[in-house]
1. Need at least 3 residues that are modelled with pLDDT of 95 or more, of a type outside the set (Asp, Glu) and more than 14 Å from residue 115 (Cα to Cα) per element, so show me which helices (runs of 4 or more DSSP H) inside segment 137-177 make the cut, counting only ones lying wholly within it.
2. Write out, first by first residue and then by second, each pair whose Cβ atoms fall under 7 Å of each other, whose residues are 6+ apart or on separate chains, and whose first residue, in segment 26-42, is closer than 16 Å to residue 100 by Cβ while the second is hydroxyl-bearing (Ser, Thr, Tyr).
3. Looking at segment 133-141, can you tell me whether even one residue there is surrounded by fewer than 18 Cβ atoms within 10 Å (Cβ to Cβ) and either touching a Phe, Trp or Tyr at 6+ places or on another chain (Cβ under 6 Å) or without any contact (Cβ under 8 Å) to a residue 60 or more places away in the chain (or both)?
4. If we keep just the residues of segment 53-109 that are at positive phi and surrounded by fewer than 19 Cβ atoms within 10 Å (Cβ to Cβ), which is nearest to the chain's Cα centre (by Cα)?
5. Do we have residue 179 as among the acidic types (Asp, Glu), more than 24 Å from residue 84 (Cα to Cα) and free of Cβ contacts under 8 Å to residues at least 40 places away in the same chain here?
6. Name the single residue that is surrounded by the most Cβ atoms within 10 Å (Cβ to Cβ) among those in segment 144-161 being touching a residue at least 40 places away in the same chain (Cβ under 8 Å) and under 22 Å from residue 11 (Cα atoms).
7. Looking only at residues in segment 72-129 that are polar (S, T, N, Q) and part of a loop (DSSP other than H, G, I, E, B), which one is farthest from residue 46 (Cα to Cα)?
8. Can you tell me which residues in segment 178-197 are part of a helix (DSSP H, G or I) and more than 19 Å from the chain's Cα centre (by Cα)?
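The values are calculated or read from the model by the stated rules, or taken from the named source; none is laboratory data. What you see is a predicted model, and the numbers here were worked out from it, not measured in a lab. Here the Cβ is made from the backbone with ideal geometry for all residues, glycine too, and neighbour counts use every protein chain on show.
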Amino acid sequence: MNNKIKREMKDCVVVVMAGGESSRFGTNKALVKWKGKTLIEDIIQKALTVTNNVVLSVKNPSDYKWLDLPRIPDEKRGIGPMGGLYSALKTLSSQKVLIVACDMPLLDPRLIKFMIDFKASEPVVIPKASGRLHPLHARYHKSLLPVIEELIEKSAYRMSALLKKVPVRKIGQKDVGKEIDLEACLSNVNTVEDFEKIKGRVDV
């Protein structure tokens, strides 16, 4: 790990994923302006309203140094979110991590709190909205490490490969309640067009 993380971490640490290529967006989407700040700053600030245990998952140790948060560089590069999850679970002492993508502008901090606090025996707790699962806003248990290592050895890097191999607790709109708009929270930005549509829904 590039910089200090408290030795005694709480039960669940929020890991903001910031190591993506943003290939479909055309530029680093984490740095696009959103509500007077960068998108990644907005996500981090929302997470920090819930917990002080927030770290960044980055491609290189020097990435996002200016954000002054602990950074976990990818131990295995070029394999997407699976690599970030692997490094986080391996590095952190906490039993659980909540992966939070840096490209969900409408994310509600109450969903972060819900995901941290939700009681489940399954090693994966994952929301389902718009008919699909969202592995980049999901909670993962440290016991998954051997499974993830096996998948990486087999070059099975897709998060869906992990979800097919382990017990999963799916979270829906009924679980989070009416106050949290699950679909809006999980709307992510893959393209500039996606971002413009989301900006059209709110006052930026």
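1. Hits in segment 137-177: 145-153, 159-165.
2. What qualifies is 29/22; 30/38.
3. First, the residues of segment 133-141 that are surrounded by fewer than 18 Cβ atoms within 10 Å (Cβ to Cβ): none.
No, that holds for no residue.
4. Pass one, segment 53-109, residues at positive phi: 64, 68, 78, 80.
Restricting the remaining residues to those that are surrounded by fewer than 19 Cβ atoms within 10 Å (Cβ to Cβ) gives 68, 78, 80.
Working: 68: 18, 78: 17, 80: 12 Å.
That would be 80.
5. On the way: among the acidic types (Asp, Glu): yes; more than 24 Å from residue 84 (Cα to Cα): yes; free of Cβ contacts under 8 Å to residues at least 40 places away in the same chain: no.
So residue 179 does not fit the description; no.
6. So the residue we want is 148.
7. Step one: filter segment 72-129 for residues polar (S, T, N, Q), giving 87, 91, 93-95, 121.
From what's left, part of a loop (DSSP other than H, G, I, E, B): 93-95, 121.
Details: 93: 23, 94: 21, 95: 22, 121: 27 Å.
Filtering first and then ranking leaves 121.
8. 192, 193, 196, 197
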